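Structure provided below as structure tokens; questions to follow.
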């Protein structure tokens with residue numbers, strides 16, 4: 001994986017861990033698709049850096065900690081990261097978050113929530 005894309009994914013997960021998503025190199029016109037979007041889930045895009053930051057500011061208090069699992073890379077600027085999130089309610093959220101990175105800025109992001117335990121715990 002090229003370093004710029006890996007650094008973008010690292011910045012994303014580091015931002016969640018620090019509860020400061022302003023560290024993420026979002027493009028000004030970035031989009032985010034997530035089942036956690038209160039305005040319509042995955043069917044409704046969150047558009048623009050400021051709207052994305054507002055969304056994360058609303059959900060980050062629910063994150064107690066995270067454990068980064070691994071990076072994935074794809075064609076055409078796509079990259080992903082897998083993590084386990086410990087939530088304030090005592091539950092664990094398993095996620096695979098994918099990003100399209102252009103010029104070291106995340107231009108779009110898709111959060112895929114995995115509700116099953118990781119394979120090493122089955």
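I need a count of the residues in the range 68-86 that are touching a strand residue (DSSP E or B) at 6+ places or on another chain (Cβ under 9 Å) and either under 21 Å from residue 102 (Cβ atoms) or exposed (fewer than 13 other Cβ atoms within 10 Å of the Cβ) (or both).
Residues meeting the conditions: 11.
Give the number of residues within the range 34-54 that are under 17 Å from residue 95 (Cα atoms) and either surrounded by 16 or more Cβ atoms within 10 Å (Cβ to Cβ) or over 14 Å from the mean Cα position of the chain (by Cα) (or both).
4
Find the residue count for the range 3-26, including only residues that are without any contact (Cβ under 8 Å) to a residue 60 or more places away in the chain and farther than 23 Å from residue 59 by Cα.
Selection size over the range 3-26: 1.
Let me ask you something else. Suppose we filter the range 55-65 for residues that are surrounded by 17 or more Cβ atoms within 10 Å (Cβ to Cβ) and in contact (Cβ under 8 Å) with a residue 40 or more places away in the chain; how many remain?
Adding up the residues that qualify gives 1.
Readers should treat all values here as calculations from the given coordinates under stated rules, not as data from a laboratory. Quantities reported herein were computed from a predicted structural model and do not represent experimental measurements. No Cβ is skipped: glycine too gets one built from the backbone with ideal geometry, and neighbour counts run over all protein chains shown.
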